[in-house]
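**Q** One structure, as structure tokens, below. Some questions next.
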Amino acid sequence: MGKNIILSGKEYSKNSELENIAQTVGLNPFVTTQFFEDTNPKVVSINTTWNRCSPISAHSVIVNAENYFNQIEGAVLFFDSSSYDKIFTQNTTENFTKATDELILGYTYLTLELLHRFSEHNPGKLFFVLQPQETKADSIKNPSKQPMTQQSLGLITSMAQNAFKSFAENVAAENYNPTGCFVYLLETSPETSEEQILSWIATKMQEDLPVYKNPKNAITWQSTETKSKFQLSFGK
């Protein structure tokens with residue numbers, strides 16, 4: 001039976017297939033769309049707008065999903081670096097402020113709401129999905145790996161990407177083997193399709209919660225090819 005899950009973080013990519021892909025792999029999706037979206041609102045049929053700058057909007061996303069599903073079983077927070085980098089191209093004060101609100105604070109607002117809901121209402125699974133791109137600093141640190149190119153992330157998106165990764169790891173650390181919310185960290189290559197990502201998530205949604213022998217494994221970023229090598233035992 002499909003699991004009820006919120007999919008967020010893909011508002012800017014205009015991906016009209018996200019809902020269909022999720023349903024194909026066995027998920028019941030509730031998808032966030034861009035606030036004040038200027039396109040035809042046919043992106044998804046099961047959706048709610050998410051104003052990333054507003055903690056009230058984050059709360060509304062959860063309430064709307066609960067009203068639709070009655071119970072939320074999981075949530076996915078995508079961070080698609082390449083799509084964000086196409087928006088924040090200029091290092092202006094306005095862009096830095098906007099990016100801080102939307103690409104950093106927005107994720108924290110929604111995460112806190114999800115953690116509260118899973119703790120107070122019913123246990124759930126939270127997936128942080130990072131789709132990173134090389135930063136200019138990465139290119140300089142590892143020149144032999146790949147020379148610095150114009151495809152490296154800009155300053156603003158690099159900042160937000162690092163913030164998302166650090167935030168996700170610390171949320172996972174604080175919810176290590178919890179009773180309310182279990183956190184998964186997934187890092188994918190640019191070549192990984194959304195179908196692969198959602199298939200991996202659908203599999204994890206059906207599994208019992210893993211119990212990690214080493215807490216370091218709880219903050220290890222997995223890939224869609226990752227096996228359950230970190231699992232010591234399982235418990236519901």
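**Q** Being touching a Gly at 6+ places or on another chain (Cβ under 6 Å) and not in a loop (DSSP other than H, G, I, E, B) is the filter here, so list the residues in region 110-137 that pass it.
**A** Listed by number, the residues that qualify are PHE118, SER119, GLY124, LYS125.
**Q** If only one of ASN70, ASN122, ASN91 is at pLDDT 95 or above, of a type outside the set (Lys, Arg) and more than 14 Å from GLY9 (Cβ to Cβ), which one is it?
**A** Just a single option satisfies the conditions, and that option is ASN91.
**Q** Could I ask something else about it? State all residues of region 45-76 that are part of a loop (DSSP other than H, G, I, E, B) and not hydroxyl-bearing (Ser, Thr, Tyr); if no residue qualifies, say none.
**A** ILE46, ASN51, ARG52, CYS53, ASN70, GLN71, ILE72, GLU73, listed by residue number.
**Q** Tell me which residues, restricted to region 105-142, are β-branched (Val, Ile, Thr) and either free of Cβ contacts under 8 Å to residues at least 24 places away in the same chain or farther than 23 Å from ASN64 by Cβ (or both).
**A** THR135, ILE140
**Q** Mind checking which residues of region 188-209 are modelled with pLDDT under 85 and closer than 14 Å to PHE127 by Cα?
**A** LEU209
**Q** Does region 89-133 hold any residues that are crowded, with 18+ Cβ neighbours inside 10 Å and among the β-branched types (Val, Ile, Thr), and which are they?
**A** THR111, VAL129, listed by residue number.
**Q** Of these, SER166, SER82, which one is modelled with pLDDT under 95 and surrounded by fewer than 15 Cβ atoms within 10 Å (Cβ to Cβ)?
**A** SER82
**Q** Now for a different question. Within the set of pairs 6 or more residues apart or between chains, which connect a residue that is closer than 19 Å to PHE78 by Cβ and surrounded by fewer than 19 Cβ atoms within 10 Å (Cβ to Cβ) inside region 37-58 to a residue that is modelled with pLDDT of 80 or more and among the acidic types (Asp, Glu) with Cβ atoms less than 7 Å apart?
**A** ILE46/GLU19; CYS53/ASP101; CYS53/GLU102
The values are calculated or read from the model by the stated rules, or taken from the named source; none is laboratory data. Predicted model only: the values in this text are computed from it and were never measured. Counting neighbours? That spans all protein chains shown, and the Cβs are built from the backbone with ideal geometry, glycine included.
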